[in-house]
Amino acid sequence: MSNEQRIGARVLRRKPIDQLTHPGSELKRTMGVGHLTMISIGATLGTGIFVVLGQAVPKAGPGIVVSFVLAGITALFSALSYAELAGLIPASGSSYSYTYATLGEIVAWVCGWCLVLEYGVSVAAVAVGWGQYINELLHLVTGLRIPDVLSQPPSAGGIINIPAVLVVALSMLVLLGGSKGSARTNTILVWIKVGSLLMFCAVAFTAFKAGNLQPLFPLGLAGMSAGAATLFFSYIGFDAASTAGEEAKNPQRDLPRAIILSLVIITALYCAVALAAVGAMPWQSFEGSEAALSRVLTENVSGAIWPILLSIGAVVATASVVLTVLYGQTRILYAMSRDGLVPSIFARLSRNGVPVVNTLVVGSFIAVLAAFVSLGSLADVTSIGTLFAFGLVNIAVIILRRTEPDRQRSFRVPFSPVTPLVGLAFCVYMMFSLGLPSWIAFIVWMVIGFVIYFGYSVRKARLAVPSDQ
């Protein structure tokens, strides 16, 4: 075999599903369908609705409700594919593991590298949003604000975002206590933030004006699509339950249920909140609004208590997202490290089954990112990496239906291969709705990933080359 053939065999090698299904994991199985659903809701329901809404409404106008539906449909098609693969391959690596079994090692690396972008950068973005609502809450209660030099990145006139660093550090401490305790903490936080959003809807609808919804698409369908692309950030995280495949008590049954159930709950909440928000306040007034929902209540509803309660809910909501998405990031790196694609230190577990060094390294990197980068830049870059990974998952479903048709599946995507193909088409459409800066950042990230893969991972991978087996 020539050197070129050997390299080709290495990058295209696929990991058998049986190895992924029975990885010999030391992680502890402690989570049921309730915990798994709460992980996905906890990872999704947060900054997207509390902060990014203020950036998306000026792009779409009152049509933002339709933008949420479009983004939700895009997520739903991919969620169906995730549900099938999560039940078939209940491994910690999520879509990284799925593509390793179907598309080969180099595509799995690309997918894993996108997940590092999705989870790592989105945690930083959420942490930035948490700092904004902490500032809003402080202002509502005391009339004071944290100075910009200590609460904003350099691009926004500050020096360092200390609140964003603080919430990442607190989440690291919770995760170091073990997955069972983290799941319980997250469940409590999820109930609080769902209650906060329901409260917002009830209060904001008292100020609802039908005229605020006319015209529905003042910036055209292109504006609605641009709003949907930005809002897709709000759906990132529904796949987080799939990263707990090796810590679920009954993953084949519970993972598909958790993924679909969480997405249905999230989409219904988002549409209700968006309708209440644009109905209570003219869409032009959302321009430049970071704590958008708090502003809706402050300027359009009587009673000073409501914005305070909402800000408390937003602080809890975004903290929950930081916790659960940081959890997902550590589990993906755990799976990649166990395969040899990243250094083995990321797979070392403590006595209580926690990847301590992994959590500390990832958390420290994210804290630095959150301290010095603005929310808008982080959100769009996160979306493009996520859409790429989702597209690969839809392809993986089609391939496994052909290569493993007789393997038992606890959930099957209906109308396959049409449904996965539609999911793939939606992902591609949404990617091209994002701006050039997001594409440049994505391409640079991919180049860095390929340098690491060919410089380190392709030689260190533990999976044998096919010809050697």
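Please sort 390-403, 341-354, 242-255, 156-169 by packing, taking for each peptide the average over its residues of neighbouring beta carbons within 10 angstrom, highest first.
Ranking the peptides 390-403, 341-354, 242-255, 156-169 by packing returns 242-255, 390-403, 156-169, 341-354.
Taking Cα centroids, how far is the stretch 316-358 from the stretch 290-315 in Å?
Centre-to-centre (Cα) distance: 35 Å.
Would you mind ranking Ser94, Ser438 so that the residue whose beta carbon has the fewest other beta carbons within 10 Å leads the list?
Ordered by Cβ neighbours within 10 Å, fewest first: Ser438, Ser94.
Given the Cα-Cα distance of Phe415 and Asn250 and 0.36 nm per residue of separation, how much length would full extension add, in nm?
That works out to 56.8 nm of additional length.
Report the label-to-label distance for Ala202 and Arg462 in nanometres (one decimal), using points 7 Å from each Cα along the Cα→Cβ vector.
5.2 nm
Mind jotting down the distance between the C-alpha centroids of the stretch 402-469 and the stretch 63-100, whole Å?
Computed from Cα coordinates, the inter-centre distance equals 13 Å.
Provide the gained length on full extension for the span Val428 to Val451, in nm with one decimal, where the gain is 0.36 nm per separating residue minus the Cα-Cα distance.
Length gained, Val428 through Val451: 5.8 nm.
Rounded, prolate or oblate: which fits the stretch 103-154, taking a ≥ b ≥ c as square roots of the Cα gyration tensor eigenvalues, rounded meaning a/c under 1.5, else prolate when a/b beats b/c?
Because a/c hits 1.5 or more and a/b exceeds b/c, the stretch 103-154 counts as prolate.
Sequence gap at least 6, Cα distance under 8 Å: using those rules, report the relative contact order of the chain to the nearest whole percent.
Value for the chain: 33 percent.
For the stretch 35-461, how big is Rg over Rh, using alpha carbon atoms and the Kirkwood form of Rh?
With Rg and the Kirkwood Rh in hand, the quotient comes to 0.96.
Can you sort Arg462, Arg10 by how many other beta carbons sit within 10 Å, fewest first?
By the 10 Å Cβ count, ascending: Arg462, Arg10.
None of the figures in this text is laboratory data; all of them are computed from the coordinates on show. Since this is a predicted model, take the numbers as computed values, not measurements. Ideal geometry is used to build each Cβ from the backbone, glycine not excepted, and the neighbour counts take in all protein chains shown.
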